[in-house]
Amino acid sequence: MNLLFYLSSAIALLGAVLAISRKNAFHALLYLVVSLVAVATIFMSMAASFAAVLEIIIYAGAIMVLFIFVVMMLNLGQRSTAEEAELLEPTMWAGPGFLALVLLLELTIVAFRVGGAVTGGPEVGPKEVALSLFGPYLIGVELASFLLLAGLVGAFRLGSDARPTEGDE
């Protein structure tokens, strides 16, 4: 199981470095999602299945939705259509595809193993996470929700048309 941990860690680091170094936003997003799935695999290898599921649903899913919102706000038109056609080439998907395949193999091994956790610690369930988040970390959760709300209002303002209506003229 230590091999799975180290291999997932290497993939997470490689995916993060590649996400930072890519000039194309689509490629950076793909490598970032691969990195987040690798972190979820690390959680699975440590018997923190709830944290792994949260990692995939919240982080990988939320980043994809955020990226779609940014693309919709930019509304690049014909130029983006040409770039999308270029992205559909199989050579562009080779790196993220290979890393995702390795992670899928690791997740399969971790999910069907017979032994216990690598760390031997207790499994943390949703109740313990909820008690922790809404107990001593309540202020942090509320501040994060206000920050997300401010980002949503800002994205709405940036994405809306700033043209005056007939009554404003």
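The numbers here are math on the coordinates, done by the rules we state, and not lab data. Fair warning: this is a prediction, and the values are worked out from it, not measured in the lab. Ideal geometry is used to build each Cβ from the backbone, glycine not excepted, and the neighbour counts take in all protein chains shown.
Where the centroid of each part is defined by its Cα atoms, how far is segment 46-62 from segment 1-17 in Å?
If you average the Cα positions of each part, the centres end up 16 Å apart.
Counting only C-alpha contacts under 8 Å and six or more residues apart, can you give the relative contact order of segment 1-70 as a whole percent? List each step's numbers first, then the result.
Working: 67 pairs, mean separation 20.7, N = 70.
About 30 percent, as a whole number.
Give me the extension gain from GLU128 to MET64: residue separation times 0.36 nm, minus the current Cα-Cα distance, reported in nm with one decimal. Show your work: numbers first, answer last.
Numbers: separation 64, 0.36 × 64 = 23.04 nm, distance 2.78 nm.
Full-extension gain reported as 20.3 nm.
Under a Cβ-Cβ cut-off of 15 Å, what is the net charge of the residues other than ALA28 that fall near it, where Lys and Arg count +1 and Asp and Glu count -1? The partial results should precede the final answer.
Details: positive: ARG22, LYS23; negative: GLU83.
Neighbourhood net charge equals +1.
Within 10 Å, count the other beta carbons around each residue, average over each peptide in 30-41, 89-100, 5-16, and list them highest first. Walk me through the numbers before you get to the answer.
Values: 30-41: 23.8, 89-100: 13.7, 5-16: 17.8.
The peptides rank, most packed first, as 30-41, 5-16, 89-100.
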